[in-house]
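A short worksheet on the structure shown next.
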Amino acid sequence: MSWYNSWPVNCFVKLSGYTYSNLARLFIRLFVGMMLLQFGIRHLVNYSVLCNSFPTVLNMSSECSLIIMITIELVCSLLIMAGFMTRLSTLPPIFAMIAAEYYILHDMVPFLPVYGLDSTDPGYLPIMFIGIYFYLLIAGPGKISLDYFISLYIINLKGKSEEEEMEEV
């Protein structure tokens with residue numbers, strides 16, 4: 001018996017060949033949705049405290065900026081978790097995290113002797129969110145999503161199969 005027919009090699013080949021990309025996209029959608037939802041709930045609960053101290057964005061008042069941020073955090077996180085209008089739902093959080101990163105750095109940089117963030121600074125969190133949202137924007141929601149099931153329904157109404165529709169794309 002040769003080494004390439006042994007059970008460890010066969011196991012390795014099978015495990016490296018199978019992908020669970022749709023399950024992985026579901027996991028990342030649920031994970032990032034829960035994380036953003038948590039921030040939205042915290043902002044909503046502490047609304048009266050944050051109302052006057054929240055950073056102003058685009059010359060809006062603190063209260064207006066906070067309301068917009070809470071709306072983005074709650075609505076978009078629920079849409080992303082459900083996989084409904086996923087690519088469109090990632091855009092507001094991307095812009096919100098870019099603004100958050102700007103204001104974090106804007107407030108921190110003047111007090112740093114040399115520009116540089118260490119692992120305890122809050123500047124990494126928005127960047128991680130931006131990376132996950134860009135991944136979802138590029139990869140899409142996957143087949144375990146409302147987007148996919150709605151698209152199957154629309155394709156079925158046209159009287160086509162999924163394969164026929166994808167050939168046209």
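The values are calculated or read from the model by the stated rules, or taken from the named source; none is laboratory data. For clarity, every value in this text was computed on a predicted model and none was experimentally measured. Here the Cβ positions follow ideal geometry from the backbone for every residue, glycine too, while neighbour counts run over all protein chains shown. We work out accessible area using only protein heavy atoms, side chains counted, and drop any ligands, DNA or RNA first. Shrake-Rupley method; radii C 1.70, N 1.55, O 1.52, S 1.80 Å.
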Can you tell which of Ile144, Ile150 is at pLDDT 90 or above, open to solvent by 60 Å² or more (accessible area, probe 1.4 Å) and in contact with a Lys or Arg (Cβ under 8 Å, 6 or more places away or on another chain)? Ile144
One residue is enough: does region 84-102 have a residue meeting the conditions in contact with a Lys or Arg (Cβ under 8 Å, 6 or more places away or on another chain), outside any helix (DSSP H, G or I) and open to solvent by less than 50 Å² (accessible area, probe 1.4 Å)? no
Does Tyr133 satisfy the condition of being at pLDDT 95 or above and assigned to a helix (DSSP H, G or I)? yes
Any residue in region 128-151 that is on the phi > 0 side of the Ramachandran plot sitting within a Cβ distance under 8 Å of a residue that is of a type in the set (A, V, I, L, M)? List the pairs, counting only those 6 or more apart or interchain. Gly142/Leu23; Gly142/Ala24; Gly142/Leu26
Quick count over region 49-77, residues being open to solvent by 70 Å² or more (accessible area, probe 1.4 Å), among the aliphatic types (A, V, I, L, M) and touching a Ser or Thr at 6+ places or on another chain (Cβ under 9 Å), is 2
Filter region 5-20 for residues that are hydroxyl-bearing (Ser, Thr, Tyr) and at pLDDT below 75 and give the result. Ser16, Tyr18, Thr19
